[in-house]
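Asks: Mind having a look at this structure? Questions to follow.
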Amino acid sequence: MDKHLNFVHRVAVLDQELCQPRKCGQECILYCPVNKTGGECIVQRPDDGKAVIFEDLCTGCTICVKKCPFDAIVIVNLANEVGVDKIHQYGINSFRLYKLPIPKEGSVTGLVGRNGMGKSTIINLLSGNIKPNFGNFDKDLNWEDIFDKISNIELRKHFEKISTKSLRTSIKPQLVYLIPKIFKGTVMELLKKYDERNMRDLLIDSLGLKNSLTKDVSTLSGGELQRVAVAVAASKDADYYFFDEPSSYNDIYQRLAVSKVINNLAKDGKSVMIVEHDMSLLDYLSDNVFIIYGEPGSYGIVSTLQSTKIGINNFLEGFIPTENVRFRDKSYRFDISNVTENMISNMSIVSYTSMKKKLGGFNLKVNNGDIHQGEVIGIVGANALGKTTFMKMLSGLEKIDEGQLDSEVRISYKPQYLNQDIDGDVRSLLYSVNNGQQFEGSLMEEQILNPLGLRKLYDKSVKGLSGGELQKVAVSLSLVRDADIYALDEPSAFLDIEDRISLAKFVQRLIKAKGKSESLVDKNICGFHRHACGNKRPPFG
Ligand code: ADP
Ligand code: MG
């Protein structure tokens, strides 16, 4: 076919887990107009019967997308000019990445974008963990072929150095919970092993790791593990440092500590690339950013280099003027004044005198206050200051040493740490919380599950959920319960920036509509706090 006639480039992505050929009637194959006229656009994989979609034959009619009972197919049309810049594709009908950020020596480069857009893929490519395949997913290209395909001179130089190992890289991986599977031993042993820059003591001090040193790596909390991982990455002697989501699990102070470590690397003249959903942190750290946009799980496109302020604003705006690309139909704004006080009723749900609680060596003092119907309270504070204990005191789960409540309230609590060790799929989990009652087609599904995008997850196994997916399931589980106060402990951890903002807005609307009250414990500066802090009186003294 004449290439010039082919203006659009089709991307067909199949969610391997959702495609269930034994449970459906092969509707995608049956209804595909190309198949109907004798073509073979969609066929079954010989081994497991799952669908394979040939993008060259696909007309982009999206009938298969609509007919698939499990929402397993995504078809998108891409401008052809993007198609020629394909850098990597994991397999047939799977995610692909277009373009790459150009590494800049001696500066801090940020990557901004939703989950599933390929940010970790970019880090793996630029650090030499995986080789780019330019869409030839069944071939292992040699480096000469790879250099030939890269037109940008700086990028080619970067890969030349990677191939000869003359550029040393150090990575703080995104999934820190995998570290205990690779390394057995104490924190001190781990830090000693990689202390190539002789910075161990300084890093232990600045990242607050003194009390963690003798602990076994497998017993660390998420935040400790994250800071240990940051320390390990920073202590290696490298030219280029990659930090993939270094602030998850950590509170505001610990995040600042992490930023200082990264900032010091930059001051030492090192090159740094950082993926981060906390916009204030990214703003503080990076010299420049690249926006990654596209369709989560299907494809990601890397923008041109943007200065940090302009890039973050473009991201929130959903529009990149230099490329004339709009990648979202709405823009996000942080408008503190949009919390309307008049929506909060005068009816108090619970009022409490000043309260005290002693737990071992830990003393919590709470100033008197009350919580009103329809109120959304943001609770800010470092880790381990007693935010969770405060919630438990309100619900009667924790005895109050001094002071009292006028009534005990029913609290539906979304814990900070989520339990994933549950057999079965999301549907059966929701079923059990709904007292074994059918919820599909119910009001609860319409009001809570659909807006949070849970329908797509019904058939997924709980054990196989990503951090963000698990978070959404946990938030839903707490919101479907009947209670007076919904206490969401760190609901934005693992969510990407867009999900954080839309979840915050959704929860706020729902709570107002239900006439309930809500406490949010969240350390993420961006997204929640500016929206959620309706209460001017901090509950802690
Ligand atoms: P991000 O870091 O922006 O969240 P990732 O780079 O981790 O995005 O992933 C982008 C997409 O690529 C996701 O849909 C993910 O499931 C897919 N993906 C990542 N690694 C692999 C792999 N090794 N094989 C197949 N698909 C993968
Ligand atoms: Mg990632």
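Asks: Which entries of Lys472/Lys505; Lys119/Lys210; Lys99/Lys460; Lys104/Lys157 show an alpha-carbon separation above 22 angstrom in the structure shown?
Replies: Lys119/Lys210; Lys99/Lys460
Asks: Using only the alpha carbons, work out the radius of gyration and Dmax of segment 341-532 in angstrom.
Replies: Rg, Dmax (Cα atoms, Å): 16.9, 50.
Asks: Same structure, new question: Which angle between 0 and 90 degrees, to the nearest 10, do you get for helix 252-267 versus the longest principal axis of the chain when only C-alpha atoms count?
Replies: It works out to around 40 degrees.
Asks: Something else: Can you work out the Karplus-derived ³J(HN,Hα) for every residue in segment 368-374? Use 6.51 cos²θ - 1.76 cosθ + 1.60 with θ = phi - 60°, whole Hz, and x for glycine or proline.
Replies: 5, x, 8, 10, 9, 4, x
Asks: Full extension from Ile182 to Ser221: what is 0.36 nm times the residue separation minus their Cα-Cα distance, to one decimal in nm?
Replies: Contour length minus the Cα-Cα distance gives 12.4 nm.
Asks: Further question on the same structure: Provide the gained length on full extension for the span Asp406 to Ser280, in nm with one decimal, where the gain is 0.36 nm per separating residue minus the Cα-Cα distance.
Replies: Stretched fully, the Asp406-Ser280 segment lengthens by 41.4 nm.
Asks: Heavy atoms only, probe 1.4 Å: what % of the accessible area of segment 341-532 goes to carbon and sulfur, would you let me know?
Replies: Values: 3960 of 8260 Å².
Of all accessible area on segment 341-532, carbon and sulfur atoms account for 48 percent.
Asks: Can you tell me how much longer the chain between Arg45 and Asn142 gets when fully stretched, taken as 0.36 nm per residue apart minus their C-alpha distance, in nm with one decimal?
Replies: 32.0 nm
Asks: Something else: Go through Ser259, Ser307 and list them by solvent-accessible area, largest first, probe radius 1.4 Å.
Replies: Greatest to least solvent exposure: Ser307, Ser259.
Asks: A further question on this structure: Would you please state the base-10 log of I(q)/I(0) at q = 0.11, 0.12, 0.17, 0.18 1/Å for segment 48-182, with intensities from the Debye formula using one equal scatterer on every alpha carbon?
Replies: Values, matching the q order: -0.52, -0.61, -1.08, -1.17.
Asks: Counting only the heavy atoms of the protein chains, how much of Phe243 is accessible to a 1.4 Å probe, in Å² to the nearest 10?
Replies: For Phe243, the solvent-accessible surface is approximately 0 Å².
Asks: Another question, then. Which order, highest average first, do 484-491, 27-34 follow once you tally other Cβ atoms within 10 Å for each residue and take the mean per peptide?
Replies: 484-491, 27-34
Asks: If you take the Cα atoms of segment 70-139, find Rg, then find the Kirkwood Rh from the mean of 1/r over all pairs, what is Rg/Rh?
Replies: 0.99
Asks: Something else now. Please state, to two decimals, what the Cα-based radius of gyration of segment 182-291 comes to when divided by 2.2 N^0.38 Å (N = residues).
Replies: Computed over Cα atoms of segment 182-291, the ratio equals 1.02.
Asks: Hey, another quick one. What's the FRET efficiency of Leu256 with Ser151 using the Cβ-Cβ distance as r and R₀ = 45 Å, to the nearest 0.05?
Replies: That gives a FRET efficiency of 0.65.
Asks: Keeping all protein chains in position, work out how much accessible area Ser432 exposes to a 1.4 Å probe, and write it in Å² to the nearest 10.
Replies: Around 70 Å² of this residue is reachable by solvent.
Asks: Just to be sure I understand the model, the point goes 7 Å from the Cα along the line to the Cβ. What's the resulting Phe362 to Met347 distance in nm?
Replies: 3.4
Asks: Right, here's the next one. Heavy-atom accessible area of Lys456 with all protein chains present, probe 1.4 Å, nearest 10 Å²?
Replies: Its accessible surface works out to 90 Å², give or take rounding.
Asks: Quick one: dipole size for the chain, taken about the Cα centre, charges +1 on Lys/Arg Cβ and -1 on Asp/Glu Cβ, in debye to the nearest 20.
Replies: Value, rounded to 20: 620 debye.
Asks: Tell me the per residue accessible area of the chain using a 1.4 Å probe; a whole number in Å² is fine.
Replies: Dividing the accessible area of the chain by its residue count gives 46 Å².
Asks: Under a no-solvent Debye model with one identical scatterer per Cα of the chain, what's log10 I(q)/I(0) at q = 0.05, 0.08, 0.09, 0.10 Å⁻¹?
Replies: Per q value, in the given order, log10 I(q)/I(0) is -0.23, -0.60, -0.76, -0.94.
Asks: If you count the DSSP beta bridges with both ends in segment 341-532, what percent of them are antiparallel, to the nearest 5?
Replies: 50
Asks: Only bridges with both residues in the chain count here: give the DSSP antiparallel percent, nearest 5.
Replies: 50
Asks: When the gyration tensor of segment 374-477 is built from Cα positions, what are the square roots of 5 times its three eigenvalues, in whole Å, from largest to smallest?
Replies: 30, 17, 13
Asks: Still on this structure, I have one more. Does anything in segment 495-518 have its amide N under 19 Å from the 7 Å Cα→Cβ label point of Ser466, and if so which residues?
Replies: 495-504
Asks: Going from most exposed to least, what order do Arg200, Arg509, Arg481 have by accessible area with a 1.4 Å probe?
Replies: Numbers: Arg200 60, Arg509 150, Arg481 100 Å².
Correct descending sequence by accessible area is Arg509, Arg481, Arg200.
The values are calculated or read from the model by the stated rules, or taken from the named source; none is laboratory data. Computed from a predicted model, the values in this text were never measured in an experiment. With ideal geometry, Cβ positions are generated from the backbone for all residues, glycine too; neighbour counts draw on all protein chains shown. Protein only, heavy atoms only, side chains kept; ligands, DNA and RNA dropped before computing areas. Shrake-Rupley method; radii C 1.70, N 1.55, O 1.52, S 1.80 Å.
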